[in-house]
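Participant: Mind having a look at this structure? Questions to follow.
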Amino acid sequence: MKIALTGGTGFVGGALAKELVKNGHEIFILTRDARNRNNTEKITYISWLNNGDAPEEELDGMDGFINLAGESINSGRWTETRKKRILDSRISATREVMRIIKQLNKKPQILINASAIGYYGTSLTNTFTEDSSEKGADFLSTTVQKWEMEALNAKELGIRTVCCRFGIILDRADGALPRIALPYKLFAGGTVGSGEQWVSWIHLKDVVKGIIFCMDNKKIEGPVNFTAPSPLRMKEFGQILGKSMQRPHWIPAPEFALKALLGEMSILVLEGQNVVPEKLISNGYSFLFNHLHEALADIYKR
């Protein structure tokens, strides 16, 4: 297949591009700095989102689009300016994907769009599946809701559309785990906040494998929860992390201190949601890592 990929030089996109190439697909990565990258036999870099770019001229004949573009939510305090950048980066990238698709003579069969479990809002008691009607009202939730609305416009063009609602993606080098693991590395890890908040996590390898599974399975569309089948309370998550790193779990991080340090961004560690990947399971997806100790053993293997 020929696949156009935005965010293909980022955390998830980079890993996905490698796996797609390994599986024999031809990848066209849309990036702002295409001129500084070298094309290969299976990967072509195409310039987009710069003044004068017309990526549609090089993208006719794509079988699928995968849109992972958007500014990281983890890399700084959520000022009003930064929140605007987080939202605008997602909306503008998705609108540009839709503009490109509309210009193509041959429409792609599928659009896979990044999303997040923040859609559901936070809860200590509810369990969320793709059929859950609950929506949150915080910044993260409203951002995700607007993001999905833009992507779902592809359905009007007859394109199968999948919104990947990512949980906390675990990887040793990038994403949330290095930040969560840092106190343990310094022998200062412990329960974060009350410890009762849910952590719905997923290994990066399952994210990549799951995206390809959704791409290949024509029955799957709409929202898809990308979380492992066994979410945990934060206290248990920390205990297993400490054990995996051979570090103690003993110094608590109180809620008031984290709110003072992180501001509104503290919602990422102080609140959560219990999310079940019902659609992946019911369609026969087999997780590489069902349980946290298995995922961390793979991530921290020596």
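The values are calculated or read from the model by the stated rules, or taken from the named source; none is laboratory data. Keep in mind that this is a model prediction, so the values were computed, not measured. With ideal geometry, Cβ positions are generated from the backbone for all residues, glycine too; neighbour counts draw on all protein chains shown.
Participant: Just need a number here: residues in region 224-252 that are out of contact with any Lys or Arg (no Cβ under 9 Å at 6 or more places or on another chain), under 20 Å from Leu204 (Cα atoms) and among the hydrophobic types (A, V, I, L, M, F, W, C).
Facilitator: So the answer is 5.
Matching residues to (1) part of a loop (DSSP other than H, G, I, E, B); (2) in contact with a Gly (Cβ under 8 Å, 6 or more places away or on another chain); (3) among the β-branched types (Val, Ile, Thr):
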position	(1), (2), (3)
Ile212	no, no, yes
Met215	no, yes, no
Lys219	yes, no, no
Asp298	no, no, no
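Conditions tested, residue by residue: (1) of a type outside the set (S, T, N, Q); (2) at positive phi; (3) at pLDDT 95 or above.
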{"position": "Met215", "(1), (2), (3)": "yes, no, yes"}
{"position": "Asn225", "(1), (2), (3)": "no, no, yes"}
{"position": "Pro229", "(1), (2), (3)": "yes, no, yes"}
{"position": "Gly263", "(1), (2), (3)": "yes, yes, no"}
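Participant: Something else now. Out of curiosity, is Ile101 in a helix (DSSP H, G or I) and modelled with pLDDT of 95 or more?
Facilitator: In short, yes.
Participant: Run down Gly13, Gly70 and say which single residue is part of a helix (DSSP H, G or I), under 20 Å from the mean Cα position of the chain (by Cα) and surrounded by 20 or more Cβ atoms within 10 Å (Cβ to Cβ).
Facilitator: Only one candidate qualifies: Gly13.
Participant: Residues that are over 22 Å from Cys163 (Cβ atoms), free of Cβ contacts under 8 Å to residues at least 12 places away in the same chain and among the charged types (D, E, K, R): does region 60-77 have at least one?
Facilitator: no
Participant: Is there any pair with a first residue in region 235-260 that is part of a helix (DSSP H, G or I) and a second that is of a type in the set (Asp, Glu) whose Cβ atoms are under 9 Å apart and which are 6 or more apart or on different chains, and what are they?
Facilitator: Listed pairs, sorted by first residue: Lys235/Glu196.
Participant: Which members of region 261-286 meet the condition of being in a helix (DSSP H, G or I), under 18 Å from the mean Cα position of the chain (by Cα) and of a type in the set (A, V, I, L, M, F, W, C)?
Facilitator: Met265, Ile267, Leu268, Val269, Leu280
Participant: Take the residues in region 125-159 that are aliphatic (A, V, I, L, M), part of a helix (DSSP H, G or I) and more than 16 Å from the chain's Cα centre (by Cα); name whichever of them is surrounded by the fewest Cβ atoms within 10 Å (Cβ to Cβ).
Facilitator: The extreme case among them is Met149.
Participant: Quick one: which of Pro229, Pro223, Pro183, Pro178 is without any contact (Cβ under 8 Å) to a residue 12 or more places away in the chain and of a type outside the set (A, V, I, L, M, F, W, C)?
Facilitator: Selected residue: Pro178, the only one of Pro229, Pro223, Pro183, Pro178 that is without any contact (Cβ under 8 Å) to a residue 12 or more places away in the chain and of a type outside the set (A, V, I, L, M, F, W, C).
Participant: If Asn225 satisfies every condition in (1) more than 12 Å from the chain's Cα centre (by Cα); (2) crowded, with 17+ Cβ neighbours inside 10 Å; (3) polar (S, T, N, Q) but one, which is the exception?
Facilitator: (1)
Participant: Residue under question is Thr122, and the condition is that it be in a loop (DSSP other than H, G, I, E, B), in contact (Cβ under 8 Å) with a residue 40 or more places away in the chain and hydroxyl-bearing (Ser, Thr, Tyr); does it hold?
Facilitator: Here the answer is yes, as Thr122 does meet what is asked.
Participant: Identify, from the list Glu156, Glu134, Glu148, the residue that is free of Cβ contacts under 8 Å to residues at least 24 places away in the same chain, charged (D, E, K, R) and in contact with a Phe, Trp or Tyr (Cβ under 9 Å, 6 or more places away or on another chain).
Facilitator: On inspection, the qualifying residue turns out to be Glu134.
Participant: Test each condition in (1) in contact with a Phe, Trp or Tyr (Cβ under 8 Å, 6 or more places away or on another chain); (2) of a type in the set (Ser, Thr, Tyr); (3) loosely packed, with under 14 Cβ neighbours inside 10 Å for Tyr285 and report the one that comes out false.
Facilitator: For Tyr285, the exception is condition (3).
Participant: Out of all the residues in region 73-92, which are within 23 Å of Phe28 (Cβ to Cβ) and over 15 Å from the mean Cα position of the chain (by Cα)?
Facilitator: Answer for region 73-92, where residues must be within 23 Å of Phe28 (Cβ to Cβ) and over 15 Å from the mean Cα position of the chain (by Cα): Ile91, Ser92.
Participant: Further question on the same structure: Would you check if Gly175 is within 16 Å of the chain's Cα centre (by Cα) and assigned to a helix (DSSP H, G or I)?
Facilitator: no
Participant: Moving on. So which residues in region 73-96 are surrounded by fewer than 13 Cβ atoms within 10 Å (Cβ to Cβ) and among the β-branched types (Val, Ile, Thr)?
Facilitator: Thr79, Thr81
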